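This report refers to the structure that appears directly beneath it.
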Amino acid sequence: MSSHLSTKSRIARRILSSGYQVTPDALDRLTALGEELAAELVKWLSSRAVRGSVVDASVIERFLGERSQRSIPHEEEAVAGHDGVATEELNLTVLKPTYEEIRMEGKAEEFTVYRVTRFGALWRITSQRGLPLRSLREILESGDEGYAVCEVREVSKGDGYYRLRLEDPNGIWTAVASARDRSLSEKVEGLCSDMVVAVRVAAKGGRLVVKDVMLPDLPQSERPFKGPDVRVCVISDVHVGSSRFNRRAFEDFLSWLSSEHEDLNVRLLLINGDLVDGVFVYPGQREELEIRTLRDQFAEAGRLLARVPRRVEIAYVPGNHEPVRRALPQPPVHADHRRLLDPEGRILFLGNPALIEVGGARVLLFHGQTMDDVIQSSMRFSYSDLRRTAGEVMEVLLRSRHLAPSMEVTPVIPWREDHLLLEEVPHVLATGHIHVAAFRVYRGARLVNSGTFQDQTKLQKGVGLEPTVGTVAVLDLRDLSVRFERFA
C-alpha cells in the first residue's frame, strides 16, 4: 500500500512542479498507468507550450490517443508482402483520441459553455485573415461600415432581399442583404444556422446591411506533397445486413483487392462508417433488413473482411448506423462487436472523427453525419443534386473550420475540448454518409467521399438521391491523387 501511495505522490509532485494541476481521478489513472507514462505526459504537455492547464481525464485521453500508433519500421527497399506482392512499408499513427471517456450531465450550462467556447475558437481562426474586426454593436452605433464575426441564427428570403438574424456576445441582431447581387446571394444561400462567419456590414438608417460574407476558411496554399509508393483504399456505407446491400459489388471489390497487380500496392483499407446497417436506426428499418440482429450483421461483416489480404492493414471508423452513441464525437464500436468482426485482432478501431498520419499524410476520417445539417439548413443544397454538389458540401465543412458548422440535425456533445474544431488543416478529408462519390481539391486540401455499397433505398428515392453504388476511392500517397474504382 505504501509503495502505491509513494508512486502516486511522485507523479503528483512531477505534474505540479511542471506547472500543471491534476484532478483526483486523473491522478488515480496515471498512478495505474505508471510513472514512465506520467513523465511522457508532462513532456507532451510541455511540447505544446501549455502552462497552468488542468490534467483531467480528457487530457489523458487525448495524450493516449496521440501516443497510440501502429507502425511497421520503414525500410529503404520495398519488401514482399504476405501475399507475395512487392510492397513498400507502411507507417500509420493515430493522432486523435477515441472518445470513450467523454461524458455530459445534460445541463443547459454545458451547451452554453460549449457554444461560447466554439465561437471564441472560430473567432480566433477568422481573425487570422487579417480583417479589422469590430462588434456589430460598435458598427451600428458608429453609423459606418466594418467587419464583425458572428453566428448565424436564421436566414430567410423576402422580395429582393434576405433577412439574417446574427448573434454575437452582445446579443442578437437583424440584418438585410440584397438578393440582386448574384455573388452575395450565392454566399448567403450557402449559410447554415449555427455557422460562425465574418460579415462586412454597413449601418444605414439604424439598420445593418450585409455587403459580404466570409467563412473562417483555409489559408492559400498548394502544399506540394511527396510520399511513399503506397495506395490507400477508402470505403464507407457498406450496410451489411440491409436488403439493399450490394453483395456482388462488394465481393468483386474484395477479389480486386486480393489480386496481385504490380501497380496496385494497396497497403491500407479505411472503412469510414456504416459498415453494418444496424437495427432501430430509423422507423420501418426492420422491414428492409436481410440480417435482423447486430450480432449476425457484425459476424457476416467479419466473414467478408476476412478475405482482405494480410498485406492490407484495416482501420474502422463508426457512422450513424453503428451501435454507438449518436452524438459526436463517437467512440469505436463496443468490444463485443469487435470480437465478432475481428476475432484475429487485425482491425484498428477508431472513433469518429479520427485523425491519422500515414506515409506522412494527415488524413481526417469523418463519417459525415453533419452534411445532413448543411444540406437541410442551407438554401443552396439538396439531396437530389448531390451528384453535382457533393464536393461543395464537403468543402463547407473544411471552410467552416468545424465538422459541425450547423447543429440542426446531428447532436453534438458539449465537451470542454472541441474535437470537431479544425485547428489544423489535414492533407485529406475523407467522408461518407451521403452515398455519393466525389473528389475535390480546395487550397491544397483533398476532399473525398467514397460512395456506398448499398443500392438506392426508399428514403433516398423519396428525396431524389441517386447513390454511386460500388465505388471505392483509391488514394495514392505519392502525390495524394485520387482515383475511383467502380464495382457494380
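The values are calculated or read from the model by the stated rules, or taken from the named source; none is laboratory data. All values derive from a computational prediction rather than experimental measurement. Note that we place each Cβ from the backbone using ideal geometry, even for glycine, and neighbour counts take in every protein chain shown.
Please determine whether any residue of segment 324-331 is at pLDDT below 95 and closer than 19 Å to I291 by Cβ.
No - not one qualifying residue is present in segment 324-331.
Would you check which residues across segment 97-141 are of a type in the set (F, W, Y) and closer than 14 Å to L420 by Cα and list them? Spell out how you get there, then give the answer.
Step one: filter segment 97-141 for residues of a type in the set (F, W, Y), giving 99, 111, 114, 119, 123.
Across segment 97-141, the qualifying residues are Y99, Y114, F119.
All but one of (1) within 14 Å of the chain's Cα centre (by Cα); (2) under 25 Å from S156 (Cα atoms) hold for G368; which doesn't?
Looking at each condition in turn, G368 falls short on (2).
What tally of residues in segment 140-169 results from selecting those that are under 24 Å from R129 (Cα atoms), in contact with an Asp or Glu (Cβ under 9 Å, 6 or more places away or on another chain) and of a type outside the set (S, T, Y)?
12
Hey, among R118, R163, which residue is under 23 Å from the mean Cα position of the chain (by Cα) and modelled with pLDDT of 85 or more?
R118
Those residues that are more than 23 Å from L397 (Cα to Cα) and basic (K, R), I need them from segment 212-246; list them, please.
K226, R231, R244
Quick grid of which residues meet (1) in contact with an Asp or Glu (Cβ under 7 Å, 6 or more places away or on another chain); (2) among the hydroxyl-bearing types (S, T, Y); (3) over 30 Å from G120 (Cβ atoms):
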{"site": "L191", "(1), (2), (3)": "no, no, no"}
{"site": "G206", "(1), (2), (3)": "no, no, no"}
{"site": "L218", "(1), (2), (3)": "no, no, no"}
{"site": "R231", "(1), (2), (3)": "yes, no, yes"}
{"site": "V238", "(1), (2), (3)": "yes, no, yes"}
{"site": "N246", "(1), (2), (3)": "yes, no, yes"}
{"site": "L270", "(1), (2), (3)": "no, no, yes"}
{"site": "V276", "(1), (2), (3)": "yes, no, yes"}
{"site": "E290", "(1), (2), (3)": "no, no, yes"}
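What residue, among those in segment 442-476 that are of a type in the set (K, R) and not in a helix (DSSP H, G or I), is nearest to the chain's Cα centre (by Cα)? Full working, then the answer.
Applying the first criterion (of a type in the set (K, R)) to segment 442-476 yields 443, 446, 458, 461.
After this cut, where a residue has to be not in a helix (DSSP H, G or I) as well, the list is 443, 446.
On the way: R443: 18, R446: 14 Å.
This residue is R446.
Which ones in segment 445-488 are surrounded by 17 or more Cβ atoms within 10 Å (Cβ to Cβ) and among the aliphatic types (A, V, I, L, M)?
The answer is A445, L447, V448, L465, V469, V472, A473, V474, L475, L477, L480, V482.
Checking the condition among the charged types (D, E, K, R), assigned to a loop (DSSP other than H, G, I, E, B) and surrounded by 14 or more Cβ atoms within 10 Å (Cβ to Cβ), which residue from D159, D194 passes? Explain how you work it out, then say what you get.
Details: D159 fails: surrounded by 14 or more Cβ atoms within 10 Å (Cβ to Cβ).
Being among the charged types (D, E, K, R), assigned to a loop (DSSP other than H, G, I, E, B) and surrounded by 14 or more Cβ atoms within 10 Å (Cβ to Cβ) holds for just one of D159, D194, which is D194.
Can you list residue pairs whose Cβ atoms sit under 9 Å apart, with the first residue in segment 476-488 being touching a residue at least 40 places away in the same chain (Cβ under 8 Å) and over 19 Å from L90 (Cβ atoms) and the second being part of a loop (DSSP other than H, G, I, E, B) and hydroxyl-bearing (S, T, Y)? Count only pairs 6 or more apart in sequence or on different chains.
F484/S450; F484/T468; A488/T468
Here is a yes/no grid of residues against (1) buried (at least 24 other Cβ atoms within 10 Å of the Cβ); (2) closer than 17 Å to T126 by Cβ; (3) out of contact with any helix residue (DSSP H, G or I) (no Cβ under 6 Å at 6 or more places or on another chain); (4) of a type in the set (A, V, I, L, M):
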| site | (1), (2), (3), (4) |
| --- | --- |
| R399 | no, yes, yes, no |
| L403 | yes, yes, no, yes |
| V409 | no, no, no, yes |
| I413 | no, no, yes, yes |
| R416 | no, no, yes, no |
| L420 | no, yes, yes, yes |
| V425 | no, yes, yes, yes |
| A438 | yes, no, no, yes |
| R443 | no, yes, yes, no |
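Confirm whether L429 is closer than 22 Å to V266 by Cα, hydrophobic (A, V, I, L, M, F, W, C) and touching a helix residue (DSSP H, G or I) at 6+ places or on another chain (Cβ under 8 Å). Steps first, answer last, please.
Values: closer than 22 Å to V266 by Cα: yes; hydrophobic (A, V, I, L, M, F, W, C): yes; touching a helix residue (DSSP H, G or I) at 6+ places or on another chain (Cβ under 8 Å): yes.
Yes, satisfied.
Counting just the residues of segment 218-250 that are modelled with pLDDT under 95 and among the basic types (K, R), which one comes out nearest to the chain's Cα centre (by Cα)?
R223
For segment 323-348, how many residues meet the condition of being among the charged types (D, E, K, R) and either part of a loop (DSSP other than H, G, I, E, B) or on the phi > 0 side of the Ramachandran plot (or both)? Steps first, please.
So the first thing to find is which residues in segment 323-348 are among the charged types (D, E, K, R), and the list is 325-326, 336, 338-339, 342, 344, 346.
Adding the requirement that they be either part of a loop (DSSP other than H, G, I, E, B) or on the phi > 0 side of the Ramachandran plot (or both) leaves 325-326, 342, 344, 346.
So the answer is 5.
Suppose we filter L131, L140, L122 for residues that are surrounded by 15 or more Cβ atoms within 10 Å (Cβ to Cβ) and in a loop (DSSP other than H, G, I, E, B); which single one remains?
Working: L140 fails: in a loop (DSSP other than H, G, I, E, B); L122 fails: in a loop (DSSP other than H, G, I, E, B).
Exactly one of L131, L140, L122 is surrounded by 15 or more Cβ atoms within 10 Å (Cβ to Cβ) and in a loop (DSSP other than H, G, I, E, B), namely L131.
Taking segment 269-310 as the region of interest, how many residues are more than 16 Å from N246 (Cα to Cα), surrounded by fewer than 23 Cβ atoms within 10 Å (Cβ to Cβ) and either in contact (Cβ under 8 Å) with a residue 60 or more places away in the chain or not assigned by TED's automatic domain parsing to the domain that holds L477 (or both)?
The total comes to 3.
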